[in-house]
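As structure tokens, the structure follows; a few thoughts come after it.
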Amino acid sequence: MAMETSRTKALLAALARYAEARGRLLHLEAREAGSQLAALLALAVGAAVCLLAGWLVALPALVWWLAGALARPWPQVALALAVAHLAVGLVALALLRRRLRRLSVLEETFRQFEKDRVWLRGQNPEP
């Protein structure tokens, strides 16, 4: 009976250490994922603000100035500037999309869980 009790305590202690190690790994990866997501969000918000501010504030004045300087009708100038702004916005969105594709969140935690499942099935996990 005493032997079973000590084995149970040893098993519970091992499980507690295991849970603590996995919790620390999850904590570290969650912190890293949070900073990555914050950077992506800042990039998206910055791109949106720049696009909107550029469109709403500078465009009317620029259209008026260029139409006079180039002796062109203002609709032609407005269309050309709209295309330029949209091109800059598409570049920003392409950069955002590329960063989102490379984003890996909690990758090491999931890799360790997979190794644990292999070990629990009785197979030898990869080192």
| task | Report whether or not A39 is closer than 23 Å to W119 by Cα, at pLDDT 85 or above and not basic (K, R). | result | no
| Subset of region 94-122 (residues that are of a type outside the set (D, E, K, R), within 23 Å of the chain's Cα centre (by Cα) and either on the phi < 0 side of the Ramachandran plot or assigned to a helix (DSSP H, G or I) (or both)) | A94, L95, L96, L100, L103, S104, V105, T109, F110, Q112, F113
| note | Of V88, V77, V118, V63, the only residue that is β-branched (V, I, T), closer than 30 Å to Y18 by Cβ and surrounded by 12 or more Cβ atoms within 10 Å (Cβ to Cβ) is V118
| query | Do we find that L51 is touching a residue at least 40 places away in the same chain (Cβ under 8 Å), more than 30 Å from F110 (Cβ to Cβ) and not basic (K, R) in this structure? | reply | yes
| request: Filter region 1-44 for residues that are closer than 28 Å to R97 by Cα and of a type in the set (S, T, Y) and give the result. | output: S35
| field | Among (1) more than 26 Å from E107 (Cβ to Cβ); (2) in a helix (DSSP H, G or I), the one test that L15 misses | value | (1)
| Is at least one residue of region 82-93 over 30 Å from L15 (Cβ atoms), within 13 Å of the chain's Cα centre (by Cα), assigned to a helix (DSSP H, G or I) and not basic (K, R)? | no
| message | Restricting to region 61-81, count the residues that are more than 36 Å from the chain's Cα centre (by Cα) and among the hydrophobic types (A, V, I, L, M, F, W, C). | response | 11
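The values are calculated or read from the model by the stated rules, or taken from the named source; none is laboratory data. It should be emphasised that the depicted structure is a prediction, and the values quoted were computed from it without experimental measurement. A quick note on method: Cβ atoms are made from the backbone with ideal geometry, for glycine too, and the neighbour counts reach across all protein chains shown.
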